[in-house]
Amino acid sequence: MLLERESALASLAAFAADAERGDGRLVLISAEAGGGKSALLEAFATELVDARWLWAASDGLFSPRPLGPLYDLAEQLGGELLQLCAAQAPRDQLFRALLRQLVEREPAERQLSKRDALTVVVFEDLHWADEATIDLVQFLARRLRDSRILILATFRDEGAGPKDALRIAVGDLATQNSTKRIALEPLSSGAVSNLAIGSRLDPHQLFLLTGGNPFFVTEVVSGGMESVPSSARDAVLARVGRLTPEARGVLEAAALVGRRVEPGLLAGIAPAFASVADELLGSDLLADEGTVLVFRHEIARLAVEQTVPARRRQPLHAAILQTLVELGIADDARLAFHAEAAGDPSAVLLYAVRAAELASRVASHRESAHQYERALRFADDAPVAARAALYEAYAREVSLLDRWEDAEVAAVRALELWREAGDRVREGNVLSRLSGIAWRLCHGGDCTRYAEESVRVLEPLGPSAELAGAYAGQAGDLMIFGRNEEALAVVRIAREMATRFDAFDVLSGAMNTEACSLFELGEEWIPLLTEALDLAISHDHYAVAGRAYTNFAELFTVARDFASAERYRSEGLAYCEDRDMDVYGACLVGNLVLCYETTGNWDEAMERGDALLARFASPINRINALCGTGIIAARRGVGIVWERLNEGAESGIRVAEPEWIAKPAFARAEAAWLEGDTELALSEIERVVPVVDYLDPWQRGAVAVWFRRLGRPYEVTGAIAEPHRLLLSGEADESAALWRTLGCPVEAALALYDGSTETQLRRSLEIFEGLRATASANLVRARMRETGVRSIPVGARSTTRAHPSGLTRRESEVLTFVTRGATNAEIADSLFISQKTVDHHVSAILAKLGTTTRAEAAAEAERRGLVGAPAQ
């Protein structure tokens, strides 16, 4: 009996109707364990019998096989997808093949369907899914427009932390118009009482102890108990206790296999299965789904598993492993789990490494790292070279997850082992990897030392792909420390050697470095970096492509071409999210924070910066977010200023790279200046002087401007950016106008502040007030008083500043365009942001206004008089 789920079923029916009309939907269904997610889907399936249903599930027993649910779907769909799965094709091909087969149904099949080829795809228990599967759901969700596809994804909503991959994905998915959510609440006391009718149970006590959990309630009632047990586990075990000893033994073996158990496998490990099968199915603990037996709920399986004595576990897992191999079940992640539980080192090394390699190929890097960790636990007696290779592979995987401390430990161990094995080529290769790791950890001296040592080790061995990589790494080290002419000489050697050995990853990386050096030298760089990106993508070198996207965004940001930066950042974020690459995703989000800080989108900058700092620990990837959010806090007078700016400065000093020394120094100088501490502000700018010749014209100009602003003129050599030149020449209005044209309101306001005429100061104050930069505005007011200005504005009250519907500044701007009937593409062009970003803002606006369509939002905005209202 399904109680109190009428509203959820009605919502599902409405979403199915949307999908039938070609407006595909993803429905995220959340509840606690035992909350009725599966029961809801089963009930809905009986109402939607004419649709094509495809079911996929994740298992919580062991580290999941990467893309296990996709393989489930391939078995049901057959055709191209099944062939690609068998060939272990790259995940991009698998994802697109699945999408094609979901969208393109056979004509005969469409004619038989009354629902015009509506396809329902179910992903059960997404909280146990590997990251590649979560990426798959995101991939499909972004492509539901104009499709007749309804995706239903269930997951538990308890126990996930802020860094949990599923929680992050759900937050991203929820911003899309095609995504809907259904949260299943526990049953009410009335529903529990209804279910207790006919039993001897006290309904009130049943409700209090079960909390209205549907599984717990049903288990107690259907178990015929006369009193309510203290937990769902006890309720399950009471049912288990009624089985014969033989049936209990088979059930225990099944519980160690997982929630889904192949009958042939169970018969192989528990010969008594044939004689007790009917008893087990009659107990309602296991259900027969044709090709597999399924525990009715994971709570039930877990309860049984926990009763298996330790002395029986290892031999049972060994029997499971042997039978899986005999049956030809080639799921290496599953085999590795049982091998570990069986205590079989050789089997663990075989299957865990194969599972890790497959996970890496499909860009499921968390699962890959987990499998390498498993292999390393059993590798103490493995040959030296085998252990070295494991540590090196593990370092590679965790580096893509932005876990650089773990990468450093593993790479150092790999280096020691390769030296012990006497493999100079692999030694040199690991040294080059350690150079990159050291840079990520802001260990600038180690970065250079490792890069140079890698070349020294490999050069005597002659040309090779590894030596090309070492040269490319050394060129990158020279480039980031501002030695661009030297970098170009070395990187061109790397390019020639990489081309000779078809080392396309090294070649793309070298071209990337060369493009960055050309940019710093004021030469043409875009065609070369474009070629590097295309090369990386075409050869599936994901990390190299991620770096190319990041450098496109960074260089366009430096050039103040924010529209181009947004384009590559948006594409790059999607690319990295689809491939489980936190490291470059973090780089790109840090760049976004910096851009939003520069262009005045401060609420968005704070939101994204706070989220990044909560998620990632990589020091180099934190600096942009630390500086961006820290200086916004300083301008607004919020108390997190120095905590963030101090950390950013410490990291910049450690890495010793000119750019990262300058960024925190400028932010700290401005923060100190806002607090009236001119001495500290000057000391921060003086910190930049030793590296000023290695800075770009924008940063070089900023050094001169800040020295003058602080009352100590300083002459810089080399080119400086035009807005700075104008300001230093006394042309404050012209400088401010150019800054506004570039989309940099704070710099415009500061230029006007330096101009110091009454008109300029009033315009400066107006800009700062619009940004809610309280501390900056107060500094302008002080200057106005010093120069004798009368009738100084006192500032808007908080009730005036706050938007009446809680919209951010950017959302208010987007709403204005929505009321004019502009499309998202037109809004994106007008505001110089990506269409995806506009999609997010429109979704937020609809939610805050309580509307479901753009037309309704426009009407509601008109009714409330919101257009033109001040933003928060």
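The values are calculated or read from the model by the stated rules, or taken from the named source; none is laboratory data. Predicted, not measured: the structure shown is a model, and the values here were computed from it. In this analysis, Cβ positions are derived from the backbone assuming ideal geometry, glycine residues included, and neighbour counts consider all displayed protein chains. Areas reflect the complete protein model, heavy atoms only, side chains present, ligands, DNA and RNA absent. Shrake-Rupley method; radii C 1.70, N 1.55, O 1.52, S 1.80 Å.
Name the residue, out of 41, 12, that is open to solvent by less than 30 Å² (accessible area, probe 1.4 Å), aliphatic (A, V, I, L, M), under 26 Å from residue 300 (Cα atoms) and in a helix (DSSP H, G or I).
None of the others qualify; the one that does is 41.
Which numbered condition trips up residue 73, out of (1) more than 21 Å from residue 144 (Cα to Cα); (2) surrounded by 19 or more Cβ atoms within 10 Å (Cβ to Cβ); (3) not hydroxyl-bearing (Ser, Thr, Tyr)?
With respect to (1) more than 21 Å from residue 144 (Cα to Cα); (2) surrounded by 19 or more Cβ atoms within 10 Å (Cβ to Cβ); (3) not hydroxyl-bearing (Ser, Thr, Tyr), residue 73 is out only on (1).
Please indicate, with yes or no, whether at least one residue in the stretch 507-523 is open to solvent by less than 30 Å² (accessible area, probe 1.4 Å), outside any helix (DSSP H, G or I) and in contact (Cβ under 8 Å) with a residue 12 or more places away in the chain.
Looking for residues that are open to solvent by less than 30 Å² (accessible area, probe 1.4 Å), outside any helix (DSSP H, G or I) and in contact (Cβ under 8 Å) with a residue 12 or more places away in the chain, one finds none in the stretch 507-523, hence no.
How many residues does the stretch 185-214 contain that are open to solvent by less than 20 Å² (accessible area, probe 1.4 Å) and in a loop (DSSP other than H, G, I, E, B)?
Going through the stretch 185-214 one residue at a time, the tally reaches 4.
For the stretch 15-38, name all the residues that are open to solvent by less than 10 Å² (accessible area, probe 1.4 Å) and part of a loop (DSSP other than H, G, I, E, B).
Within the stretch 15-38, 24, 34, 35 qualify.
Residue by residue through the stretch 538-557, note down the ones that are modelled with pLDDT of 95 or more, of a type in the set (A, V, I, L, M) and in contact with a Phe, Trp or Tyr (Cβ under 8 Å, 6 or more places away or on another chain).
Passing the criteria: 545, 553, 555.
Being under 17 Å from residue 368 (Cα atoms), touching a residue at least 24 places away in the same chain (Cβ under 8 Å) and not hydrophobic (A, V, I, L, M, F, W, C) is true for just one of 423, 402. Which residue is that?
402
Out of 435, 454, which single residue is without any contact (Cβ under 8 Å) to a residue 40 or more places away in the chain, touching a helix residue (DSSP H, G or I) at 6+ places or on another chain (Cβ under 6 Å), hydroxyl-bearing (Ser, Thr, Tyr) and open to solvent by less than 30 Å² (accessible area, probe 1.4 Å)?
Matching residue, one of 435, 454: 454.
The rows are residues; the columns are (1) surrounded by fewer than 22 Cβ atoms within 10 Å (Cβ to Cβ); (2) over 26 Å from residue 166 (Cβ atoms).
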| residue | (1), (2) |
| --- | --- |
| 588 | no, no |
| 591 | no, no |
| 628 | no, yes |
| 634 | no, yes |
| 638 | yes, yes |
| 643 | yes, yes |
| 648 | no, yes |
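Which residues, counting only those in the stretch 373-392, are under 25 Å from residue 439 (Cβ atoms) and open to solvent by less than 10 Å² (accessible area, probe 1.4 Å)?
Passing the criteria: only 388.
Tell me the helices (runs of 4 or more DSSP H) entirely within the stretch 262-308 that contain at least 2 residues that are under 12 Å from residue 240 (Cα atoms).
So the answer is 273-282, 298-305.
With respect to residue 477, is the statement that it is among the acidic types (Asp, Glu) and either surrounded by fewer than 24 Cβ atoms within 10 Å (Cβ to Cβ) or part of a loop (DSSP other than H, G, I, E, B) (or both) true?
No, not satisfied.
Working only within the stretch 690-699, note down all residues that are part of a helix (DSSP H, G or I) and either hydroxyl-bearing (Ser, Thr, Tyr) or touching a residue at least 24 places away in the same chain (Cβ under 8 Å) (or both).
Scanning the stretch 690-699 gives 691, 692, 693, 694, 697, 698, 699.
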